[in-house]
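Read through the structure below, which is laid out as structure tokens, and then see the notes.
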Amino acid sequence: MKVHHFLARDRFPSLLEALVAAGYEVIGPQVRDHAIVFESLSTVEQLPRGITDEQAPGHYRLRRTESGRLFDWATGPQAIKPLTFAPRETLWRSERQPDGRLVFREQPPEAQPTAVIGVRACDLAALSIHDRHFLHDAHPDPHYRERRRNLFLVAVNCLRSAATCFCTATGDGPRVQHGFDLALSELDDGFVVEAHSQEGQAILDALETTPARHDQLEQVEAGLERATYQQQRRLPEGSLPDMLQAAVDHPHWQSLNDRCLTCGNCTAVCPTCFCQTHVDDLSLDGQTSDHGRQWASCFDPDHSYIHGTVIRAERPQRYRQWLTHKFGTWVEQYGRSGCVGCGRCIAWCPVGIDVTEELTELSMAPEDAPPKAPEPALSRAPENAPPTTPARPTDGEERS
């Protein structure tokens, strides 16, 4: 039986103190450049207190509220993927010796015990998928393994959902289910806390908590139920792999030619995408060369370049590759789809493409699909209109 504790809000700094005392570098959510991202955390004051988010297709905004809550937001653009699968890193270095020989030296990752506060259910599900790809294979990735081994995860149950969230459709939220050390559920006066590992229990034992009351647990359950009903996006019923296989030649793919920019934003913010490319950086004197890997995207023409030919030269073909892999062939590889319903690809697509709408269109026979509404014409400002200035966050939303 799970034991729930209550940590009063004024005692929340003791959680950071306990993590630091245990030897962890603490990472937490903070407002940077008008978005919530994970960065090094030293005080509770750095957390986004009284900040919430507004998300829609192609739209992400932060706004200040009267609430004193620290985690009253859904998801930012970053997830925790960069903490395990680095955006760019050196794998090995070659060095030319005086006699002309080349010596190759492995470049081990620099990983230290790291505690991450504010991990959501969708990101824990994504981390589990990455574990299957990078760890549970015949050849585990040593860089990923080292960083993953050093992670301590403080999860947060989502008691509200953004308009772009659909984790209930993928079965991954809003309640955290697995893969965490501590879980927090935030109420106005504090946090309901539960431990899920020995390491988590050791940190919990160092905190001054009280047994969670029945009414506090009821508030948590009501918040989780509210977050569930706030989600309106759905996935088509039936087998998505079978549907996508049957829709390879669906005319709807071509409609993406006038919308998708193939910018790769969706793959960059996706917590499960793991496409990569390898690069070599040669020193100016020609004596050393670093071989590294960096994030890539299947929206890049080079991703399908083979022997002088780009296999997927057209934009609709690249989007079809991404969507079919994410919701179709991924099931064959990992036993589930590669989507955890976080909605980031919807909010951060500059033209507001919604994967749930695209899948719904593709699930219909071409003759049954409703006609697309015409795009609104772009209006031009009068020639003598004064220039506009982008809105800045209110005081406290952006820190240097």
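The values are calculated or read from the model by the stated rules, or taken from the named source; none is laboratory data. Quick caveat, the model's predicted, so the values are computed rather than measured. Positions of Cβ are generated from backbone atoms using ideal geometry, with glycine treated the same way; all protein chains shown enter the neighbour counts. Ligands, DNA and RNA are stripped out before the accessible areas are found, and what is left, the full protein with its side chains, is counted by its heavy atoms. Shrake-Rupley method; radii C 1.70, N 1.55, O 1.52, S 1.80 Å.
What whole number of Å gives the distance from the Cα centroid of region 232-251 to the Cα centroid of region 41-80?
Cα centroid of region 41-80 versus Cα centroid of region 232-251: 33 Å apart.
Of His130, Pro211, Gln201, whose Cα points farthest to the positive end of the dipole of region 102-230 (charges on the beta-carbon: +1 Lys, Arg; -1 Asp, Glu; origin at the Cα centre)?
Projecting each Cα onto the dipole axis, the largest value belongs to His130.
Mind checking the full-extension length gain between Gln177 and Gln294? Use 0.36 nm per residue of separation minus the Cα-Cα distance, one decimal, nm.
Computed gain between Gln177 and Gln294 is 39.1 nm.
Go through [x] 29, 59, 12, 0; [y] 24, 53, 22, 1; [z] 20, 45, 29, 5, 0 and flag the label whose value is the computed P(r) over Cα pairs in 20 Å bins from 0, in percent for this structure.
[y]
Efficiency by 1/(1 + (r/R0)^6): what FRET value for Glu95 and Val279, r their Cβ-Cβ distance, R0 = 25 Å, to the nearest 0.05?
0.90
Please work out the Kirkwood hydrodynamic radius for region 33-168, using every pair of different C-alpha atoms, and report it in angstroms with one decimal place.
17.6 Å
How long is the gain from Thr65 to Ser40 if the chain were fully straight, where each residue apart is worth 0.36 nm and the alpha carbon distance is subtracted?
My answer for the length gained is 6.6 nm.
Would you work out the charge dipole size for region 51-205 about its Cα centre, treating the Cβ of every Lys and Arg as +1 and the Cβ of every Asp and Glu as -1, and quote it to the nearest 20 debye?
580 debye
How would you order 72-84, 284-296, 336-348 from highest to lowest mean count of nearby Cβ atoms within 10 Å?
In descending order of packing, they fall as 336-348, 72-84, 284-296.
Rank by packing, highest mean first: peptides 223-232, 87-96, with packing defined as the count of other Cβ atoms within 10 Å averaged across residues.
Result, highest mean first: 223-232, 87-96.
Per-residue ellipticity at 222 nm for the chain, helices alone: DSSP H runs ≥ 4 residues times -39500 (n - 2.57), over residue total, nearest 500 deg cm²/dmol?
-7000 deg cm²/dmol
What is the Cα centroid distance between region 183-216 and region 287-351, reported in whole angstrom?
39 Å
Hey, how many Å between the Cα centroid of region 120-178 and the Cα centroid of region 84-101?
30 Å
Given a 1.4 Å probe and every protein chain left where it sits, what share in percent of the accessible area of the chain is carbon and sulfur?
Answer for the chain is 51 percent, counting heavy atoms of protein chains only.
Would you mind putting 123-135, 53-65 in packing order, based on average other-beta-carbon counts within 10 Å, highest first?
123-135, 53-65
Quick one: accessible area per residue over the chain, 1.4 Å probe, rounded to a whole number of Å²?
52 Å²
Roughly speaking, what is the stretch gain from Ser239 to Ser255, that is 0.36 nm per residue apart minus the C-alpha to C-alpha distance, in nm to one decimal?
Here the segment from Ser239 to Ser255 would lengthen by 3.4 nm.
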